[in-house]
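The structure under discussion appears below in the form of structure tokens.
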Amino acid sequence: MKIIKNNSINSLRELLPHPFHLVDPSPWPIITGLTTFGTAVGNVLYFQGFLNGGSLVTYNLLFLTCLLAIWWRDIIRESSFGGFHTCEVVRGLRWGFALFIVSEVLFFFPFFWTLFYSFVYPSIDIYSSSSPNFVQFVDPFGLPLANTMLLLHSGITITWAHKALIVGSLKETTLALGLTIVLGIIFLSFQAYEYSLAGFCLCDNVYTSIFYITTGLHGFHVLIGTLFLTVCFVRLRNLHFTKEHHLGLKAAIWYWHFVDVVWLFVYLCIYVWIYRGAYL
């Protein structure tokens, strides 16, 4: 029988008969929560025109980014060097990330619902401000179509990276993952350029508001996905992934496919459908 010489969690972990990971005490959750609350307060102050509200948001976001980087660094250490991510832990993380993606899909649902409802049943009280006939919408067969092709090709390259890793080809995995990151950066550049050419603003009517909010939030998700893949690219170069153990890269691939699918709905509904309804 083993004797515990101290009260450390590592000693207790050795005696536990289950394969689950008991996380060591960490200050990052509570500090991250307080920083997130500070960011929300700063946003309220900024929107209400209070002095230094924008500075409070900026400082909190920078601090939050540093905190998340440190926190995720600890998780990477647990996974790659600590050996704590057993099969049961990986299964739980996989289900947790899948549910997170489902929640992200539901996050976009209200915007599409608002679009369909406002287009099919426009309110007579706001009809003049909700009609798309007075807005010069973006041609869906220009930059939006190019962006669609970019994301579709990025879905192919990220799948190529996954398949190459499974067969143990590190060189092909690195090449395909790098191509996906480049395609994501090009997509964001095209999206910013499209905004600079748009002939309408956020507050013109309900359709322009939905356009900017939905495409902007999707662009933010593309940015997060690109950063996610970049971290995986660095980890791949440092040999953190193997063909048997690569949950971090698999999560990034799932997230990127989610971004691809959402963009298809954004393109077909917000670009093509509204454009055809307004001009044809």
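Read-outs throughout are calculated quantities, based only on the coordinates presented, and are distinct from any laboratory measurement. The model shown is predicted, which means the values in this text are computed figures rather than measured ones. As a convention, Cβ positions derive from the backbone with ideal geometry for all residues, glycine included, and neighbour counts pool all protein chains shown.
Some notes on this structure:
- Förster-model FRET efficiency, 41 Å R0, residue 254 and residue 196, C-beta, rounded to 0.05: 0.80
- Evaluated at q = 0.20 Å⁻¹: base-10 log I(q)/I(0), Debye formula over Cα of region 158-248: -0.88
- The HN-Hα couplings worked out from phi for region 64-71 by the Karplus form 6.51 cos²θ - 1.76 cosθ + 1.60 (θ = phi - 60°) are 5, 4, 5, 5, 5, 4, 5, 5 Hz, whole numbers, x standing for Gly and Pro.
- Region 230-236 - phi-based ³J(HN,Hα) in whole Hz, Karplus 6.51/-1.76/1.60, Gly and Pro as x: 5, 4, 5, 5, 5, 5, 5
- P(r) for region 149-209, from all Cα pairs and a bin width of 5 Å, is 4, 18, 18, 14, 12, 10, 8, 7, 5, 3, 1 %, short bins first.
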